[in-house]
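Colleague: Here's a structure for you.
The values are calculated or read from the model by the stated rules, or taken from the named source; none is laboratory data. Being a predicted model, the structure only gives us computed values, none of them experimental. Cβ atoms come from the backbone with ideal geometry, glycine included; neighbour counts cover every protein chain shown. In case anyone asks, the SASA skips ligands and DNA or RNA and just uses the protein heavy atoms, side chains included. Shrake-Rupley method; radii C 1.70, N 1.55, O 1.52, S 1.80 Å.
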Amino acid sequence: MSRDILILYASQTGNGEELAFDVQRELERWHFAVRVFAMDDYDLLKLPQEHMVMFIASTTGQGDPPDNMRSFWRFLLRKNLPADCLQQVHFSVFGLGDSGYAKFNVTARKLHQRLLQLGATPFYRRGLGDEQHELGIEAEFDPWLEGLIESLLNRFPLPSHLSVLPDDALRPPRCTVTFLSNGSVPVDSTVHLPAPVTAYPRRVDSAESRVPFVAPLLSNHRLTLDSHEQEVRHIELSLAGSGLTYEPGDVLVVQPPNQSSDSDELIQLLNLDPSSVISIAPNTQFKDVERSRPFFGIPMTVRELFERWIDFNSIPKRHFFSVLSFFATDSQQKEKLKEFSLKTQEGKAELYRYCIREKRTVAEVLFDFHSAVMPLEYLLETVPIIKPREFSISSSL
């Protein structure tokens, strides 16, 4: 009896992706063989041969599917697909949404319905997470995942020669960091490399948008008074030589960096040399190397990694606290980090008060729990990369 599981996710800001890998980590504790793909990265022609599939889908904007689901969704909506083409597929869907919007979790709802129309069979209930809940998406995700695993174990019991991996065990990181040099590059220099195309949202309907353009900055000045708490800026970019055209309603995508001073402070806290040149690669001891990162295989300095890629201004997830606890040398700090990572109501409430309600960032947590120096490999696993920002264009050339 095969214990192979496929997880397909659709995520705009990275939250759905993080949940997909949360599911993977939990299933691997029970020795399931798990593969994880973004929906548009998966070969849809293989879907009819899959047996157990979990779908995790976010809803964006006014009810739109995420960018990395659009090709997948268009294919599923084809009218010439046989009504029984997915009859071998058993599935469950979890959605991420916000009940403050009229089309709450519409992507997950539509996906669930379309899978039924194509002959797939739900083996476990649909879950619909709500950002409006005081505990966030996890308020629905935790009980959904617990029930999902129970349902899977009823179908695929743990083999007698295996035992479940402890929840409080530190597992090997899923990427490796190789130091190519230590301090051989001057501190005030960086390895200037073009941002890979894969770092930007894909626009399947526009060939020109697949290739990022490095636009020179012409002007950047503040419009609001210095005393005003909100900062509004006027920014001008040059598109000369780009060949790009646009019209009202198009979207400008900007890849923002972290502040150099903030990056240097965090690098120092983690006892790293900002001028060291490193290369990052997936850990090949794992079967699933599908979670590609745009910086894999690209030599860069530690400073460049922190400035351009690691989103240490994001709000950390529960898994971050769990991993960080293993590296705390102060007993009180270790105990508190473990408390934040608990799935109990008390643990969730503590995490909410400390982190979620206060919108405490990864960097702030690392400074608060300074005895825990997380290795770079685990930082890359538990902290998301900086996401591009999208801005609507309201003018024309």
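Colleague: Right, Leu342: modelled with pLDDT of 90 or more and not in a loop (DSSP other than H, G, I, E, B) or not?
Modeller: Working: modelled with pLDDT of 90 or more: yes; not in a loop (DSSP other than H, G, I, E, B): no.
No: the conditions fail for Leu342.
Colleague: Here's something else I'd like to know. Which one is surrounded by the most Cβ atoms within 10 Å (Cβ to Cβ) among residues in segment 313-333 that are part of a helix (DSSP H, G or I) and over 22 Å from the mean Cα position of the chain (by Cα)?
Modeller: Here the answer is Gln333.
Colleague: Looking at segment 350-369, which of its residues are in contact (Cβ under 8 Å) with a residue 60 or more places away in the chain and surrounded by 14 or more Cβ atoms within 10 Å (Cβ to Cβ)? Steps first, answer last, please.
Modeller: Initially, segment 350-369 is screened for residues in contact (Cβ under 8 Å) with a residue 60 or more places away in the chain, giving 352, 356, 363, 366-367.
Within segment 350-369, Tyr352, Ile356, Ala363, Leu366 meet the criteria.
Colleague: Now for a separate question. I need a count of the residues in segment 1-37 that are assigned to a strand (DSSP E or B), of a type outside the set (Val, Ile, Thr) and touching an Asp or Glu at 6+ places or on another chain (Cβ under 7 Å). Write out each step before concluding.
Modeller: Narrowing segment 1-37 to residues assigned to a strand (DSSP E or B): 4-10, 33-37.
Next cut, of a type outside the set (Val, Ile, Thr) only: 4, 6, 8-10, 33, 35, 37.
Applying the additional criterion that residues be touching an Asp or Glu at 6+ places or on another chain (Cβ under 7 Å) yields 6, 9, 33, 35, 37.
Residues that pass the stated criteria total 5.
Colleague: Continuing with the same structure: In segment 356-397, what residues are in a loop (DSSP other than H, G, I, E, B) and among the small types (Gly, Ala, Ser)? Break it down into steps so the answer makes sense when it comes.
Modeller: Initial filter on segment 356-397 (in a loop (DSSP other than H, G, I, E, B)): 357-361, 369-371, 373-375, 383-384, 386-388, 393-397.
Within segment 356-397, Ser371, Ser394, Ser395, Ser396 qualify.
Colleague: If Ile235 passes every condition in (1) in contact with a strand residue (DSSP E or B) (Cβ under 7 Å, 6 or more places away or on another chain); (2) assigned to a loop (DSSP other than H, G, I, E, B); (3) modelled with pLDDT of 85 or more; (4) under 16 Å from Glu390 (Cα atoms) but one, which one does it miss?
Modeller: Result: Ile235 fails condition (2) only.
Colleague: Does segment 58-81 hold any residues that are out of contact with any Lys or Arg (no Cβ under 7 Å at 6 or more places or on another chain), surrounded by fewer than 18 Cβ atoms within 10 Å (Cβ to Cβ) and small (Gly, Ala, Ser), and which are they?
Modeller: Gly61, Ser71
Colleague: Still on this structure: Could you go through segment 334-342 and let me know if any residue there is crowded, with 16+ Cβ neighbours inside 10 Å, in contact (Cβ under 8 Å) with a residue 24 or more places away in the chain and in contact with an Asp or Glu (Cβ under 8 Å, 6 or more places away or on another chain). Steps first, answer last, please.
Modeller: So in segment 334-342, the residues crowded, with 16+ Cβ neighbours inside 10 Å come out as 334, 336-342.
Within this subset, residues satisfying the condition of being in contact (Cβ under 8 Å) with a residue 24 or more places away in the chain are 334, 336-338.
From the residues that got through so far, the ones that are in contact with an Asp or Glu (Cβ under 8 Å, 6 or more places away or on another chain) too are 338.
Looking through segment 334-342, at least one residue is crowded, with 16+ Cβ neighbours inside 10 Å, in contact (Cβ under 8 Å) with a residue 24 or more places away in the chain and in contact with an Asp or Glu (Cβ under 8 Å, 6 or more places away or on another chain).
Colleague: For segment 365-397, give me each residue that is more than 16 Å from the chain's Cα centre (by Cα), at pLDDT below 90 and not aliphatic (A, V, I, L, M).
Modeller: Glu390, Phe391, Ser392, Ser394, Ser395, Ser396
Colleague: Within segment 241-252, restricting attention to residues that are surrounded by 10 or more Cβ atoms within 10 Å (Cβ to Cβ) and not polar (S, T, N, Q), which residue is farthest from Ser395 (Cα to Cα)? Lay out the reasoning, then the answer.
Modeller: Filtering segment 241-252 down to residues surrounded by 10 or more Cβ atoms within 10 Å (Cβ to Cβ) leaves 242, 244-246, 250-252.
Still in the running and not polar (S, T, N, Q): 244, 246, 250-252.
On the way: Leu244: 14, Tyr246: 9, Asp250: 9, Val251: 11, Leu252: 12 Å.
Only one residue tops the list, namely Leu244.
Colleague: Under the condition of being modelled with pLDDT of 95 or more and touching a strand residue (DSSP E or B) at 6+ places or on another chain (Cβ under 7 Å), which residue from segment 40-57 is surrounded by the fewest Cβ atoms within 10 Å (Cβ to Cβ)?
Modeller: Looking at residues that are modelled with pLDDT of 95 or more and touching a strand residue (DSSP E or B) at 6+ places or on another chain (Cβ under 7 Å), I get His51.
Colleague: Continuing with this model, one more query. State yes or no: is Phe32 within 30 Å of Asp168 (Cβ to Cβ) and touching a Lys or Arg at 6+ places or on another chain (Cβ under 8 Å)? So that I can check it myself, show each step before the final result.
Modeller: Numbers: within 30 Å of Asp168 (Cβ to Cβ): yes; touching a Lys or Arg at 6+ places or on another chain (Cβ under 8 Å): yes.
Here the answer is yes, as Phe32 does meet what is asked.
Colleague: Looking at segment 38-55, which of its residues are part of a helix (DSSP H, G or I) and not acidic (Asp, Glu)?
Modeller: Taking segment 38-55 as the starting set, the residues that turn out to be part of a helix (DSSP H, G or I) are 39-41, 44-49.
Within segment 38-55, Met39, Leu44, Leu45, Lys46, Leu47, Pro48, Gln49 meet the criteria.
Colleague: For Glu28, all conditions in the list (1) open to solvent by 10 Å² or more (accessible area, probe 1.4 Å); (2) touching a His at 6+ places or on another chain (Cβ under 9 Å); (3) under 24 Å from Phe156 (Cβ atoms) hold save one; what is the number of the exception?
Modeller: (2)
Colleague: Next question, about the same structure. So which pairs qualify, if the first residue must be in segment 247-266 and farther than 20 Å from Leu217 by Cα, the second must be of a type in the set (Gly, Ala, Ser) and surrounded by 12 or more Cβ atoms within 10 Å (Cβ to Cβ), the Cβ gap must be under 7 Å, and the two must be at least 6 apart or on different chains?
Modeller: Once the first residue is farther than 20 Å from Leu217 by Cα and sits in segment 247-266, its partners that are of a type in the set (Gly, Ala, Ser) and surrounded by 12 or more Cβ atoms within 10 Å (Cβ to Cβ) give Asp262/Ala363; Leu266/Ala363.
Colleague: Could you check Arg174 against (1) in contact with a Phe, Trp or Tyr (Cβ under 7 Å, 6 or more places away or on another chain); (2) at pLDDT 95 or above; (3) under 28 Å from Phe72 (Cα atoms) and say which number it fails?
Modeller: Checking Arg174 against (1) in contact with a Phe, Trp or Tyr (Cβ under 7 Å, 6 or more places away or on another chain); (2) at pLDDT 95 or above; (3) under 28 Å from Phe72 (Cα atoms), the one that fails is (2).
Colleague: Within segment 170-185, can one find any residue that is free of Cβ contacts under 8 Å to residues at least 12 places away in the same chain and either in a loop (DSSP other than H, G, I, E, B) or on the phi < 0 side of the Ramachandran plot (or both)? Show your work before the answer.
Modeller: As a first pass, look at segment 170-185 and keep what is free of Cβ contacts under 8 Å to residues at least 12 places away in the same chain: none.
No, because not a single residue in segment 170-185 is free of Cβ contacts under 8 Å to residues at least 12 places away in the same chain and either in a loop (DSSP other than H, G, I, E, B) or on the phi < 0 side of the Ramachandran plot (or both).
Colleague: Looking at Ser242, Ser206, Ser227 in this structure, which one is in a loop (DSSP other than H, G, I, E, B), among the small types (Gly, Ala, Ser) and modelled with pLDDT under 80? Write out each step before concluding.
Modeller: On the way: Ser242 fails: modelled with pLDDT under 80; Ser227 fails: modelled with pLDDT under 80.
Every option except Ser206 fails the conditions.
Colleague: Taking Arg353 as meeting all but one of (1) under 28 Å from Gln132 (Cβ atoms); (2) in a loop (DSSP other than H, G, I, E, B), write down the number of the exception.
Modeller: Looking at each condition in turn, Arg353 falls short on (2).
Colleague: Could you check segment 82-109 and list, in sequence order, the residues that are part of a helix (DSSP H, G or I) and buried (at least 23 other Cβ atoms within 10 Å of the Cβ)?
Modeller: Thr107, Ala108
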